[in-house]
1. Would you mind computing, in nm to one decimal, how far apart the modelled labels at residue 129 and residue 51 are, each placed 7 Å from Cα along Cα→Cβ?
2. Obtain the nm distance between the two label points defined at residue 83 and residue 151 by a simple spin-label model: each point lies 7 Å from its Cα along the Cα-to-C-beta direction.
3. Normalise the Debye intensity by I(0) for the stretch 46-154, one equal point scatterer per Cα, no solvent, then take log10 at q = 0.11, 0.14, 0.17 Å⁻¹ and round to two decimals.
Amino acid sequence: MATYIGFNTINTTPTNTTVRQSGASGGSGTILNPIQLSKKFRLVDEKLVVQDFINALNIPQGQCPGKPGYGTSLWSFIFEPNTIEIQQQIDEEITRVASLDSRLILNSVKSYPQENGILIEVEMAVSPFNDALTMQIVFDQRSSIASIATQSTNMA
């Protein structure tokens with residue numbers, strides 16, 4: 001399950017000048033509204049996992065500090081000739097990137113050449129939800145961004 005716990009500074013209340021700490025509603029904290037020293041948030045969602053996957057596809061391999069295997073080398077395939085070997089390498093690279101995230105269950109990968117990039121069709125599921133997703137991801141050379149062209153949920 002996708003989980004991100006971090007510090008959020010949006011809409012935080014300024015520090016109080018009194019010794020007494022304030023609770024979530026500005027008062028002195030109760031059982032229902034405990035004192036929150038800092039606002040923390042937790043995102044747990046299928047959309048977060050998909051966005052993490054797209055982010056990994058947008059980062060060139062070796063660019064993430066401390067994680068030399070994170071990211072992708074797909075951008076080097078943009079203007080390569082459309083051969084079976086290149087399509088297999090693209091499919092293997094997508095499979096490798098998806099295998100870095102244990103929350104993704106990859107069912108199939110198909111790649112197609114486009115005028116200014118590559119179109120990749122991915123069928124996958126996100127555990128523990130296990131709802132099948134079909135996404136078309138466009139690698140656009142003009143903008144140097146991988147983005148979701150279409151996404152659909154396949155209901156069984």
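Read-outs throughout are calculated quantities, based only on the coordinates presented, and are distinct from any laboratory measurement. None of these values were measured; they are calculated from a predicted model. All Cβ positions, even for glycine, are placed from backbone atoms using ideal geometry, and neighbour counts span all protein chains on display.
1. 1.2 nm
2. Going from the residue 83 label point to the residue 151 one covers 3.5 nm.
3. -0.31, -0.51, -0.77
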